[in-house]
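Structure first, commentary second.
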Amino acid sequence: MSAHYQQATRSPLRSVYRLRIKCPVCGHKDNCSISEDRTRAYCRRTASKHQGRDGGFLHILVDTPRTSHAPQTPQQKQTAPIIVADEARRHSVYTALSRGLQLSPADHASLRARGLSDEAIERGQFKSTPTKDEAAAITHGLSNTHDLARVPGFYKEAGAWRMTWTDTGIIVPARDAFARINALMYRRTHARKDESFGKYIWISSAEDRNGRPREAGASSGAPCHYANSHMMKDAEVVTLTEGALKAEIAANLLNQPVIGNAPSCFGADFAASLKKDFPRIKTVFVAFDMDFRRNEHVKAALFRLVEQLEHARFDVRVRTWPDRWKGIDDYLLAVASQREVAA
Ligand SMILES: [Zn+2]
């Protein structure tokens, strides 16, 4: 932990929802926090190299006067190296973890209500978050068969392997373009808008609650989630949207691969890698939440994303829908249920 970070953690954080302002990083009016002195934000949606124990990200907005080095741009912060287990090991650990977890009937019903089919729920390996005792037992078992070092969500304490505490919720395994699970996030069941603790949380084990690095822990890095990743190889059209669960729902309703992440979290080489790995893809639909476009930072990130996609010679189309639906998932679900009523 750098002195700079310690320095910047003094002024207390306040919920943007309570302050009735927008998060200066992602532009949303809930879930994120800002320090009283406005020098830093704790954003739930946009990654930085400082990930907190509950999965959010610290962003330094203004360098505090006592630090001498030049202010970092958001770009520099995001490209800092992240020490994490390789893809194969993360996939193997998360797959084994998922086999040890259950999906409660209530959580299954809630995913169905959000527009996911039984098949999509099964394939996505959605699970209910474990209780403390379940997590301890599963982690103990996993540590005998797998190397858990630097797998986000696991860490060592007093010689024993532990899993990061999770609130009640549904785990969404985030997959890379080749269908490997490379991170886990969860949607809290009892999230309230006025809390500084967010609704969607990346499972991370980089730091303890006091911001000290955990032994053998790692940050999730808030990666892109490729929903319907098994369709990537043959796809000619993909859609980009915000967040892993929204991507799953849209992918299920569109029967297409959908890539989920905040506009600012798609790396600078995203389009070039997509082109190289999946040469059949011709068209990219960009479908971020409507309220996203009213924020200057988010708008700028969105333009940069469109620009790099066009530079890689994709046919880029910005997908819009009537304002009364916040996200493409809500809109597609409304269209799908209208069809059911008509039929
Ligand atoms: Zn934010």
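Every read-out reported here was derived from the displayed coordinates using simple, explicitly stated rules and does not represent laboratory data. Values in this document were obtained by computation on a predicted structure and should not be read as measured data. Here the Cβ positions follow ideal geometry from the backbone for every residue, glycine too, while neighbour counts run over all protein chains shown.
Computed packing ranks the peptides 11-24, 237-250 as 237-250, 11-24, most packed first, by mean other Cβ atoms within 10 Å.
Along the axis of the charge dipole computed for segment 249-343 (Cβ charges of +1 for Lys and Arg, -1 for Asp and Glu, origin at the Cα centre), the listed residues SER337, ALA268, PRO322 are led at the positive end by ALA268.
Of the beta bridges in segment 176-330, as assigned by DSSP with both residues counted there, near 40 percent are antiparallel.
Of all DSSP bridge pairs formed entirely within segment 164-265, close to 80 percent run antiparallel. Here the chain was treated as a single set of alpha-carbon atoms; its pair distances binned every 20 Å from 0 give 30, 60, 9, 0 percent. Sorting 159-172, 95-108, 43-56 by their mean Cβ neighbour count within 10 Å, with the most densely packed peptide first, gives 43-56, 159-172, 95-108. Once Rg and the Kirkwood radius are both taken over the C-alpha atoms of segment 243-336, their ratio Rg/Rh works out to 0.95.
Per residue, the chain reaches -9500 deg cm²/dmol at 222 nm when only DSSP H runs of four or more residues are counted, each adding -39500 (n - 2.57). Taking every DSSP bridge with both residues inside the chain, close to 75 percent are antiparallel.
Computed across segment 167-225, the Kirkwood hydrodynamic radius from all distinct Cα-Cα pairs reaches 12.7 Å.
Taking 25 °C and 0.890 mPa s as conditions, segment 89-197 diffuses translationally at an estimated 166 µm²/s according to Stokes-Einstein applied to its Kirkwood radius (Cα pairs). Max-minus-min Cα coordinates of segment 205-264 on each principal axis give 45, 19, 19 Å, with the largest extent listed first.
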